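Asks: What follows is a single structure, and I will ask about it in a moment.
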Amino acid sequence: MKILGINGSPRGPKSQTPKLVESVLSGAKASGSEVELIDVCRLKINYCNACGVCYAEAKCVHEDDFEDLYNKILDGDGLVLASPVYFRSITAQLKTLIDRMADAIHCQLLTGKYGCAVATAGSPNYAEVTDYLSRIIIGFGASVVGSVGATPSIPGDIEAKKKVASMLGQTLVDAIKTKRAYPEQDEIHNETRKRFRSLVEMNEDIWTHEYEHWKKMGWL
Ligand SMILES: Cc1cc2nc3c(=O)[nH]c(=O)nc-3n(C[C@H](O)[C@H](O)[C@H](O)COP(=O)(O)O)c2cc1C
């Protein structure tokens with residue numbers, strides 16, 4: 001079992017967000033999973049230019065660090081997405097990665113996998129980002145087992161939430177092992193599938209790779 005954590009904070013050694021991701025991953029490791037943490041801000045990932053080549057050919061026109069990271073995401077059983085709140089949203093670096101994954105949402109490439117969301121904020125409003133990241137993970141077809149957020153300026157909050165994060169890592173491993181069902185998320189998965197099925201069918205002639213993928217999965 002492999003779980004990948006992606007930290008979207010650019011702040012380096014003083015950064016608080018990685019403390020929570022590391023705790024999720026250490027909880028997962030203690031429960032028997034292989035884990036890896038990637039700092040997305042250290043990678044070179046160009047902006048998506050909406051050329052649509054990934055829809056047609058399952059490859060990207062950019063030559064940068066995206067492909068290796070994308071393969072790790074697709075290869076893993078679990079995904080932890082983490083970001084500080086920047087203007088009520090995620091950091092630009094993490095968003096740039098997510099934008100490059102349009103083929104993954106069209107093809108629901110994280111179906112059957114599990115994930116969780118992590119955020120820190122200057123205010124108590126970290127749920128703006130944990131809710132957003134959870135929706136993104138579900139959008140790719142995976143199930144979200146929970147989230148953790150902290151407000152580092154509140155004394156003791158990070159230390160307390162590191163314990164919650166470690167338990168979240170254990171929950172993630174357990175969900176993967178037992179293929180835990182989340183019926184309310186499956187309703188969203190069904191709606192998402194319906195939407196992308198009709199898009200992929202409509203674009204059969206140009207989105208050739210995606211059409212083939214949907215056929216191969218038996219979803220058409
Ligand atoms: C550019 C920028 C925008 C921010 N926007 C918000 C915000 O909208 N809401 C909030 O609560 N905190 C905001 N913050 C505070 C950070 O979310 C908070 O300090 C966070 O814990 C930083 O994480 P880090 O230690 O991993 O860098 C912002 C910080 C920066 C640098």
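The values are calculated or read from the model by the stated rules, or taken from the named source; none is laboratory data. Note that the coordinates shown come from a computational prediction; the quantities given were computed from them, not determined experimentally. Glycine also receives a Cβ, built like all others from the backbone with ideal geometry; neighbour counts cover every protein chain displayed. The area values use the complete protein model at the heavy-atom level, side chains included, leaving out ligands, DNA and RNA. Shrake-Rupley method; radii C 1.70, N 1.55, O 1.52, S 1.80 Å.
Asks: Name the residues in segment 153-194 that are loosely packed, with under 12 Cβ neighbours inside 10 Å, part of a helix (DSSP H, G or I) and of a type in the set (K, R), would you?
Replies: Matches in segment 153-194: K194 only.
Asks: Residue check, Y86 against (1) touching a helix residue (DSSP H, G or I) at 6+ places or on another chain (Cβ under 8 Å); (2) farther than 21 Å from Q170 by Cα; (3) in contact (Cβ under 8 Å) with a residue 40 or more places away in the chain; (4) open to solvent by 30 Å² or more (accessible area, probe 1.4 Å), all met but one. Which one?
Replies: (3)
Asks: OK, next. Could you say which residue among C41, C54 is within 16 Å of the ligand (Cβ to nearest atom), modelled with pLDDT of 95 or more and not aromatic (F, W, Y)?
Replies: Of C41, C54, the one residue that is within 16 Å of the ligand (Cβ to nearest atom), modelled with pLDDT of 95 or more and not aromatic (F, W, Y) is C41.
Asks: Another one. Between a first residue in segment 135-154 that is under 13 Å from D186 (Cα atoms) and a second residue that is within 16 Å of the ligand (Cβ to nearest atom), which pairs have beta carbons less than 7 Å apart while being 6 or more apart in sequence or on different chains?
Replies: Hits for this filter: I137/L81; I137/A117; V144/A117.
Asks: Separate question: Quick one: what pairs do we get from segment 1-21, first residue touching a residue at least 40 places away in the same chain (Cβ under 8 Å), second near the ligand (Cβ under 7 Å from one of its atoms) and assigned to a helix (DSSP H, G or I), C-beta under 8 Å, 6+ apart or different chains?
Replies: If the second residue must be near the ligand (Cβ under 7 Å from one of its atoms) and assigned to a helix (DSSP H, G or I), the pairs left are N7/T17; N7/P18; G8/T17; S9/T17; S9/P18; R11/T17.
Asks: Which residue is farthest from A142 (Cα to Cα), if the candidates are limited to segment 195-220 and must be of a type in the set (A, V, I, L, M, F, W, C) and part of a helix (DSSP H, G or I)?
Replies: So the residue we want is M202.
Asks: Related question: Quick one: count up the residues across segment 42-66 that are of a type in the set (A, V, I, L, M, F, W, C) and crowded, with 18+ Cβ neighbours inside 10 Å. Before you say what the answer is, go through the steps one by one.
Replies: Here is the first cut: in segment 42-66, the residues of a type in the set (A, V, I, L, M, F, W, C) are 43, 45, 48, 50-51, 53-54, 56, 58, 60-61, 66.
With crowded, with 18+ Cβ neighbours inside 10 Å added as a condition, the list becomes 45, 48, 54, 60, 66.
Adding up the residues that qualify gives 5.
Asks: Touching a residue at least 24 places away in the same chain (Cβ under 8 Å), away from the ligand (no atom under 16 Å from the Cβ) and of a type in the set (G, A, S), is that true of A121?
Replies: The answer is no for A121.
Asks: Does any residue in segment 176-190 that is at negative phi come within less than 6 Å, Cβ to Cβ, of a residue that is open to solvent by less than 80 Å² (accessible area, probe 1.4 Å) and of a type in the set (S, T, Y) six or more places away or on a different chain, and which pairs are these?
Replies: From segment 176-190, the pairs are I176/Y114; Y182/S143; Q185/S143.
Asks: Of the numbered conditions (1) out of contact with any strand residue (DSSP E or B) (no Cβ under 7 Å at 6 or more places or on another chain); (2) closer than 21 Å to V173 by Cα; (3) open to solvent by 50 Å² or more (accessible area, probe 1.4 Å), K95 fails exactly one; give the number of that condition.
Replies: (2)
Asks: Counting only residues that are under 16 Å from L168 (Cα atoms) and surrounded by fewer than 23 Cβ atoms within 10 Å (Cβ to Cβ), which one in segment 131-141 is nearest to the ligand (Cβ to nearest atom)?
Replies: D131
Asks: In addition: Pick from segment 2-24 the residues that are outside any helix (DSSP H, G or I) and open to solvent by 70 Å² or more (accessible area, probe 1.4 Å): which of them is farthest from T171 (Cα to Cα)?
Replies: Applying the filter and picking the extreme gives R11.
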